[in-house]
Amino acid sequence: MILVGELALWVALLMAAWSAVASFSGGALGRDDLVTSGRRGLYATWAMVTLASIGLWTALLTHDFSLKYVASNTAANMPKVYVFAAFWGGQAGSMLFWSLILASYSAIAIWSVREKSRDLAPWAAGTLAAILLFFIATTCFKANPYDRLSFIPVDGRGMNPQLQNPGMAIHPPNLYLGYVATAIPFAFAIAALVTRKLDAEWLSIVRRWSLVSWFFLTIGITLGMWWAYVELGWSGYWAWDPVENASLLPWLTGTAFLHSIMIQEKRGMLRKWNVVLVVTTFLLAIFGTFLTRSGIIESVHSFAQSPVGVWFGAFFFTILAATIYFVATRLRDLEAKAELESMVSREAAFLYNNLVLVGIAFSVLWGTLFPVLSEWVRGSKITVGPPFFNTVNVPLGLLLLALTGIGPLIAWRKASTANLKRQFVVPVIVGLGTGALLLAMGMRNFHALVAYTLAGFVSGTIGQEFYKGIGARRVIHGEGVLPAAFRLVARNRRRYGGYIVHAGIVILFSAFAGLAFKKDYDLQLKAGETKELVDPLGHHWKFISQGVSTSETLNRFVTAVGLEVTRDGVPQGIVTSEKRQHFDSNKQPQFEPSTEVGIRTSAALDLYVVLAGVRNETAELRISFNPLVVWVWIGGLVMAIGGLIVMWPQTERRRAPSGYVATLAPATREPAVVR
Amino acid sequence: MGRSPATVILLVDNDFSPAAPMAKARTKFLVGGALVLGTAGYLMATSIKDTGMYYLTPTELANKLSADPTFRNTGVKMGARVVAGSIQRVPGGKEYAFTVTDGARVYPVIYRGIAPDTFTDGADVVVEGRMGPDGTFHATTLLAKCASRYENAPGQPGSQKYKQTPGYKAGARA
């Protein structure tokens, strides 16, 4: 099977090359036989890459240490699930994994449009095959997981213990699924540009795949934060590290696109901008890979530096040049079909939303690249850290949050004063009420107060939308509250799914704002010693050390400290934090020791205990109270659920035909449900 | 900061004569957009100025210091490798003393706080702080990474590398 897989990888390379050539020439010459052949070549590429992947999984699971990749990423004593996950744990495997996802996506995307889009499909298939060709070629020539060692080691080197975590087993696949899905909209954008067919047809395909990408990126980023929080022991989940930023960038531009595409659908505006966003999102996804693989930026994530960086750089600039050429030669086909009519319109709110999202993306990119840029320009490397990102992005983020509440309240085209009054009263009161209440309760942090006021405002908006929608259904269809709520969402998935995503954003921002009240303590405890601490909510916590213990399990030595915890005199059980030293099958230590954090989660705050070290039987501990952290995960989950609702194919009833022609006719001044 | 120009405009601008030319809305949007981007740009520029830090190797730091002795008062980040066997824990405190090098210059470093798991002999570290008058670098933060986190570094297993690690001796007895 391993040999079959290795061969399949090379066959895949040939198939992808053929598919690209046949599809492009078939499209250019209008020859159906070539187009069909190119399409089949793409399916064949998928089959071959799948075989190659199965081959690598076989090698991993059978511990074939003659393969360098298997030997350097796994060991015989590792839990099976992480051996399986080692497929994407190293560089060569993750390149193959990337190809696998891209091939699968491409096959699905092209198969689903083979009858409908006879014009676009050949060019999209060709573009996807060309991208696949790049990834498979990089895998074959620069990072081949089937490379063999000149000898067969008895055991492999194992996997970094920090990666042996359930979050790490599923975080990279989600991120990859998100990254790679940006290639489909890109391919269809190129196809639409080449054929000059830039209307409703490509939009619906592109929108669907952008949602897929957004959905998986959301899950991937959330899981990444969770992994960093529970595994790295620095008591935070986001450090503005380049690799984190790289995953955020396509998410930001993708989110901008999912909003601006609505303007194009309804009004025929922003057509150039949308093409630019689609391409930018893909480029940022490629850039993210390049960034993490090339070692050009100092990152705590430091992947192995490798020669694929050069390949990625060349690939990146090829795409950029091609896109600039096509957009420049097709400017006239991209003229807007309508103009912005008023500043007080949903279009304007969406435009600002786009501006802010892209602004955030730009500042994150700037901050990430600043060390490189400053070295080029001024000769010395200057780094910017979390203070930079926070100074810029906290105000922009708050503005974005405000727009999340404003957008849904304003009518398309031009809102009347009556419309504004009717729509804004409740949300504004809810927002100001929230802020006033927190102020009265003694909250004095400016940014947090603004954040919670805006969170209240957006909640008011979402609540009002659901209230009105449910009310309308109850009157018209005589339904109960719950059936009405269910059908409201089910029949208007895009709209109410979107509101659920917004609710997730509110939860997320509220959780972020909670970090303003975080408290950390460093302390040293001998067995039997006691320490009392006060958390940000004023509760008194008492910690009694049970002393340090050591033990040995499957593949690690463990040093643990147990703390008996009481809160305001009420026992909370025992919180344990561990230091783990992993070893190989000869009991030789491997890797640096890793920390197993003791976390006690509640809705209000997390107790976060890290065993920093042990000296003379004294445990050195860092104890943090992290407010509202659990809501970060919940917010991410709510966003993902909302995204799933939006994506779910609508089957019960046909949507009103999308496109500006259909919706321009009645001057919808109010949101549809209020009518 | 806080309330941004765009929010204000959207809420305040209620004048909508039916004949208002479209160009006007467009201009207003552009002005609002310029305000938002301008504010963002201003924040970026000032925060880079206020919080940006030189990221230097020991050699570069030495050059800067000899060119301009007042550079001592500037906070910098220094990226270097921990000299094997140099990590010492100062008795009775949470201080670490160690030396770092880039192969050419060697500097002693004092760091007070909790060191990350990856802080070991031979690790690449980034220390943030300033150079004291005694020629010792006083670090306020310490970041460390192993040479390659995702692919286990080659090296002799069971070497002395991990023996110096805090927390190692207590548990790991091979």
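Could you list, in sequence order, all residues of region A:62-96 that are in a helix (DSSP H, G or I), closer than 17 Å to A:PRO153 by Cβ and either out of contact with any helix residue (DSSP H, G or I) (no Cβ under 7 Å at 6 or more places or on another chain) or more than 14 Å from chain B (Cβ to nearest Cβ) (or both)?
Residues satisfying the conditions are A:LYS68, A:ALA71, A:SER72, A:VAL83.
Can you find, within region A:318-332, the residue that is nearest to the other protein chains (Cβ to nearest Cβ) among those that are more than 30 Å from the chain's Cα centre (by Cα) and outside any loop (DSSP other than H, G, I, E, B)? First the steps, then the outcome.
Pass one, region A:318-332, residues more than 30 Å from the chain's Cα centre (by Cα): A:328-332.
Imposing the further condition that a residue be outside any loop (DSSP other than H, G, I, E, B) reduces the set to A:328-329, A:331-332.
Values: A:ALA328: 23, A:THR329: 26, A:LEU331: 18, A:ARG332: 20 Å.
For region A:318-332, the residue satisfying everything is A:LEU331.
Tell me, yes or no, whether region A:238-251 has at least one residue that is surrounded by fewer than 20 Cβ atoms within 10 Å (Cβ to Cβ), more than 14 Å from the chain's Cα centre (by Cα) and either acidic (Asp, Glu) or farther than 22 Å from A:PRO371 by Cβ (or both).
Checked region A:238-251: at least one residue is surrounded by fewer than 20 Cβ atoms within 10 Å (Cβ to Cβ), more than 14 Å from the chain's Cα centre (by Cα) and either acidic (Asp, Glu) or farther than 22 Å from A:PRO371 by Cβ (or both).
Which is over 18 Å from the mean Cα position of the chain (by Cα) and modelled with pLDDT of 85 or more, of B:ARG105, B:ARG130, B:ARG89, B:ARG26?
Numbers: B:ARG130 fails: over 18 Å from the mean Cα position of the chain (by Cα); B:ARG89 fails: modelled with pLDDT of 85 or more; B:ARG26 fails: modelled with pLDDT of 85 or more.
It is B:ARG105.
Give the number of residues within region A:524-562 that are within 36 Å of the chain's Cα centre (by Cα) and closer than 20 Å to B:LYS94 by Cβ.
2
Condition check: crowded, with 23+ Cβ neighbours inside 10 Å and more than 23 Å from A:LEU284 (Cα to Cα). Does A:ALA338 satisfy that?
Values: crowded, with 23+ Cβ neighbours inside 10 Å: no; more than 23 Å from A:LEU284 (Cα to Cα): yes.
Criteria not met by A:ALA338.
Might you let me know whether region A:178-199 holds any residue that is out of contact with any helix residue (DSSP H, G or I) (no Cβ under 6 Å at 6 or more places or on another chain) and of a type in the set (Val, Ile, Thr)? If you could, list the steps in order and put the result at the bottom.
Of the residues in region A:178-199, the ones out of contact with any helix residue (DSSP H, G or I) (no Cβ under 6 Å at 6 or more places or on another chain) are A:195, A:197, A:199.
Going one step further and asking which of them are of a type in the set (Val, Ile, Thr), we end up with A:195.
There is at least one residue in region A:178-199 that is out of contact with any helix residue (DSSP H, G or I) (no Cβ under 6 Å at 6 or more places or on another chain) and of a type in the set (Val, Ile, Thr).
For region A:149-163, how many residues are touching a Ser or Thr at 6+ places or on another chain (Cβ under 9 Å) and either farther than 11 Å from A:PHE65 by Cα or surrounded by 15 or more Cβ atoms within 10 Å (Cβ to Cβ) (or both)? Don't jump to the end; show me each part of the working.
First, the residues of region A:149-163 that are touching a Ser or Thr at 6+ places or on another chain (Cβ under 9 Å): A:149, A:151-162.
Cutting the leftovers down to either farther than 11 Å from A:PHE65 by Cα or surrounded by 15 or more Cβ atoms within 10 Å (Cβ to Cβ) (or both) gives us A:155-162.
Of the residues in region A:149-163, 8 are touching a Ser or Thr at 6+ places or on another chain (Cβ under 9 Å) and either farther than 11 Å from A:PHE65 by Cα or surrounded by 15 or more Cβ atoms within 10 Å (Cβ to Cβ) (or both).
Of everything in region A:576-590 that's in contact with a Phe, Trp or Tyr (Cβ under 8 Å, 6 or more places away or on another chain) and not polar (S, T, N, Q), which residue is farthest from B:ARG89 (Cα to Cα)? Reasoning before the result, please.
Restricting attention to region A:576-590, the residues satisfying the condition of being in contact with a Phe, Trp or Tyr (Cβ under 8 Å, 6 or more places away or on another chain) are A:580-583, A:589-590.
Filter again for not polar (S, T, N, Q), leaving A:580, A:582-583, A:589.
Numbers: A:ARG580: 21, A:HIS582: 24, A:PHE583: 25, A:PRO589: 22 Å.
The selected residue is A:PHE583.
So which of A:LEU211, A:LEU198, A:LEU203, A:LEU193 ends up being within 18 Å of A:VAL276 (Cα to Cα), more than 14 Å from chain B (Cβ to nearest Cβ) and part of a loop (DSSP other than H, G, I, E, B)?
On the way: A:LEU211 fails: part of a loop (DSSP other than H, G, I, E, B); A:LEU203 fails: part of a loop (DSSP other than H, G, I, E, B); A:LEU193 fails: part of a loop (DSSP other than H, G, I, E, B).
The match here is A:LEU198.
Tell me whether region A:333-354 contains one or more residues that are β-branched (Val, Ile, Thr) and either within 25 Å of the chain's Cα centre (by Cα) or more than 10 Å from every other protein chain (Cβ to nearest Cβ) (or both).
No, the conditions are met nowhere in region A:333-354.
For region B:115-135, enumerate the residues that are part of a loop (DSSP other than H, G, I, E, B) and surrounded by fewer than 17 Cβ atoms within 10 Å (Cβ to Cβ). Walk me through how you get there before you give the answer.
Step one: filter region B:115-135 for residues part of a loop (DSSP other than H, G, I, E, B), giving B:115-123, B:132-135.
Passing the criteria: B:GLY132, B:PRO133, B:ASP134, B:GLY135.
Of the residues A:TRP234, A:TRP273, only one is surrounded by fewer than 23 Cβ atoms within 10 Å (Cβ to Cβ) and in a helix (DSSP H, G or I); which?
Working: A:TRP234 fails: in a helix (DSSP H, G or I).
Unique residue meeting the criteria: A:TRP273.
Which of the residues belonging to region A:36-55 are closer than 17 Å to A:TRP123 by Cβ and hydrophobic (A, V, I, L, M, F, W, C)?
A:LEU42
Rundown of residues vs (1) farther than 21 Å from A:ILE505 by Cα; (2) in contact (Cβ under 8 Å) with a residue 24 or more places away in the chain; (3) surrounded by 20 or more Cβ atoms within 10 Å (Cβ to Cβ); (4) in contact with a helix residue (DSSP H, G or I) (Cβ under 8 Å, 6 or more places away or on another chain), yes/no style:
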residue	(1), (2), (3), (4)
A:ALA361	no, yes, yes, yes
A:PRO408	no, yes, yes, yes
A:TRP412	yes, yes, yes, yes
A:THR417	yes, no, no, no
A:GLY442	yes, no, no, no
A:THR453	no, no, yes, yes
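Across region A:548-567, what is the total count of residues that are away from chain B (no Cβ under 11 Å) and crowded, with 23+ Cβ neighbours inside 10 Å?
Residues meeting the conditions: 1.
Take the residues in region A:568-623 that are at negative phi, outside any strand (DSSP E or B) and more than 11 Å from every other protein chain (Cβ to nearest Cβ), then tell me which one is surrounded by the most Cβ atoms within 10 Å (Cβ to Cβ).
Here the answer is A:VAL597.
Which strands (runs of 3 or more DSSP E) sit wholly inside region B:24-114 and have at least 3 residues that are within 13 Å of chain A (Cβ to nearest Cβ)?
Working: elements: B:53-56, B:76-82, B:95-101, B:106-112.
Once the strands (runs of 3 or more DSSP E) in region B:24-114 are filtered for at least 3 residues that are within 13 Å of chain A (Cβ to nearest Cβ), what remains is B:53-56, B:76-82.
The values are calculated or read from the model by the stated rules, or taken from the named source; none is laboratory data. In this text, all values refer to a predicted model and were calculated from it rather than measured experimentally. As a convention, Cβ positions derive from the backbone with ideal geometry for all residues, glycine included, and neighbour counts pool all protein chains shown.
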